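The values are calculated or read from the model by the stated rules, or taken from the named source; none is laboratory data. Since we're looking at a predicted model, the values are computed, not measured. As a convention, Cβ positions derive from the backbone with ideal geometry for all residues, glycine included, and neighbour counts pool all protein chains shown. In case anyone asks, the SASA skips ligands and DNA or RNA and just uses the protein heavy atoms, side chains included. Shrake-Rupley method; radii C 1.70, N 1.55, O 1.52, S 1.80 Å.
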Amino acid sequence: MRAAVYEQFRGPIAVVEVADPVPQPGEVVVEVLAVGLCRSDYHGWHGTDPDIVCPHVGGHEFVGRVVAVGAGVRRLREGDRVVAPFVCGCGACEPCLLGQHQVCRRQQQPGFTRWGAFAQYTSVPFADTNAVVVPPTVTDEAAALVGCRVGTAYRGVVERGRLAAGEVLCVHGCGGVGLAAVAFGRALGAQVIAVDISPDALALAVALGADLTLDARTTDDVGGAVHDLVGGAHVSVDCLGHAATASNSILSLRALGRHVQIGLFPTPAAELPISRVIRDELEVLGVHGLSASRFGQIFELMDQGRLHPEAMITQRLALADVPRALPAMGSFGQPGVSVVTTM
Ligand SMILES: NC(=O)c1ccc[n+]([C@@H]2O[C@H](COP(=O)([O-])OP(=O)(O)OC[C@H]3O[C@@H](n4cnc5c(N)ncnc54)[C@H](O)[C@@H]3O)[C@@H](O)[C@H]2O)c1
Ligand SMILES: [Zn+2]
Ligand SMILES: [Zn+2]
C-alpha cells in the first residue's frame, strides 16, 4: 500500500510503498476512506509526542471500510464502514469497564503508538470495543472527524464541561476542535463566544453558531473582554494548547466556572492563573478524546440536523498532499479543517 512516512521528526514526509497491515487477533484492517489533518498529527511530526517512534505514519481521525477481520473479532464483518476513537481502549481494564475508554490503561492510538491512517489501509485495535459502524446517512468526511476533533469537543463541552442551555460557552482557538465546540454549544442552546487570531476562523465560528467573536490579536485582555460582554463564561475551553489561551480561558470564567483543557501543550508544564482558580472556585478539567461507546450520541445529533461537521471543512486533499500540508500547519495559514478524501 501507499503511506505517508517520516523517518525523523521534522524531517521530510514521503508517500512510499510499504507492507499492507495484517489483522492481529482482535483487530480489523480497514481501507481508509477519509482522514483529517489534526494539529495533534502536526505535534507528532514535530517530535513532542513521546509515544511516537520513527519511522512513522500519522493519521488518527479516519473512517474506513473493513477489508480483513482478525481472530476473535465478533461484532464486525468485511464491508462495514467504521470509525474509531484515536484512543482505542482495551475494553477490559478498570476505566474501560466504567465506560471511560479514553483513559484506558492499555490504550493503543493509531497514528501515535502505532501506524495510522495517512495510508491506504490501517488497523483498529480491540476492534469489538472501538470500531463503530457509521450510519449510512453520515458522509465519510463527517464520520472521520468524529474519531478525533468532533468527538473530543463533545467530551469537552457536553461531558466534562456539563454545558447547559442558557449558559455562556467561550471557545479559545477556532480550528477543528474549537469549531466543533462552537457547534455543540449552539446545539445545546448556550450563548457562544468565539476567540481566535484569524478573521477567517472567526467567520467560520459564526457560520457554526457563535453569537459573539473576539480577535485575540487586537484584544489586550481577552478574559476581561468576556466579562465585559456577558459577565464571564460558565464553561471555557482552550482549543489550541498554549499558555496564553489556557490563561485566557481561565480568566474568561465567572465564579464556579469550568475550564476545559483540550489543546495539547508542547511542554509538560505551563504557568496558569491558579490564584483565580482558588478565588472563584473554578474547575480545571482535562480531556483525552471520547470513548467509542458515546459516538452514537453524536450521530444522533447529526441525524436530528443539529450538527453538521461538513461545515468545518475548508480543504479536501489527496494522500499525495500530506507531505506538504502537514508541516504547513506550523504557520496556521489554513482556517477550518483539512480532510484527505483521495487515497
Ligand atoms: N486532548 C485531546 O483529546 C485532543 C484531541 C484533539 C486535538 N487536540 C489538540 O487540540 C488543539 C487544537 O487542534 P486543532 O486540530 O483544532 O487545531 P487547529 O490548528 O485546527 O486550530 C487552532 C486554532 O487556534 C487559533 N489560534 C492560534 N493562536 C491563537 C491565540 N493566541 N488565541 C486564540 N486562537 C489562536 C488558530 O488560528 C486556529 O484557528 C491541538 O493542540 C491538538 O493537538 C487535543
Ligand atoms: Zn486529533
Ligand atoms: Zn482498558
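Relative to the 2.2 N^0.38 Å rule of thumb, segment 217-343 has a C-alpha radius of gyration ratio of 1.29. Each residue of segment 50-111 gets 118 Å³ once the volume of the Cα convex hull is shared out per residue.
Of the two radii for segment 233-274, the radius of gyration is 0.95 times the Kirkwood radius, both from the alpha carbons; that is the Rg over Rh value. Here the average projected area of the convex hull drawn through the C-alpha atoms of segment 107-262 stands at 10.5 nm². Going by accessible surface with a 1.4 Å probe and the largest first, Thr245, Thr137 read Thr137, Thr245.
The residue list Ala216, Gly241, Ala119 was ranked by how far each Cα lies along the charge dipole of the chain toward its positive end, using unit charges on Cβ atoms, and Ala119 comes out on top. Highest mean packing first, where packing is the average number of other Cβ atoms within 10 Å per residue, the peptides 255-262, 76-83, 32-39 line up as 32-39, 255-262, 76-83.
Magnitude of the charge dipole for the chain, about its Cα centre and with charges confined to Cβ atoms of Lys, Arg (+1) and Asp, Glu (-1), is about 480 debye. Rounded to the nearest 20 debye, the dipole size of segment 47-142 about its Cα centre is 300 debye, using +1 on the Cβ of Lys and Arg and -1 on the Cβ of Asp and Glu. When the inverse distances between all different Cα atoms of segment 133-208 are averaged and flipped, the Kirkwood radius reads 12.7 angstrom.
Summing +1 for each Lys or Arg and -1 for each Asp or Glu among the other residues whose beta-carbon sits under 13 angstrom from that of Thr48 gives -1. The value for segment 1-147 of Rg(Cα) / (2.2 N^0.38 Å) is 0.99.
Alpha-carbon geometry of segment 65-159: the Rg and the Dmax are 13.2, 37 Å, given in that order. If R0 equals 45 Å, the separation of the Cβ atoms of Ala244 and Asp303 corresponds to a calculated FRET efficiency of about 0.75. Packing around the peptides 202-215, 56-69, 226-239, taken as the average count of other Cβ atoms within 10 Å per residue, puts them in this order, highest first: 56-69, 226-239, 202-215.
Average accessible surface for the chain: 40 Å² per residue, computed with a 1.4 Å probe over protein heavy atoms with every protein chain in place.
Taking the Cα centre of segment 48-93 as reference, the dipole from Cβ charges on Lys and Arg (+1) and Asp and Glu (-1) amounts to some 340 debye. Per-residue Karplus couplings for segment 64-70, computed as 6.51 cos²θ - 1.76 cosθ + 1.60 with θ equal to phi - 60°, are listed in order as x, 9, 5, 10, 8, 10, x Hz, Gly and Pro entered as x. Seen from Val171, the other residues with C-beta closer than 10 Å to its C-beta sum to a net charge of -2, counting Lys and Arg as +1 and Asp and Glu as -1. Of the trypsin sites (Lys or Arg not before Pro) found in segment 108-217, those in coil by DSSP whose Cβ has at most 12 other Cβ atoms within 10 Å are Arg217. Give me the percent of accessible area attributable to carbon and sulfur for the chain, probe 1.4 angstrom. The C+S portion of the solvent-accessible surface of the chain is 53 percent. At the listed q of 0.10, 0.14 Å⁻¹, the Debye profile of the chain, built from one uniform point per Cα, gives log10 I(q)/I(0) equal to -0.55, -1.08.
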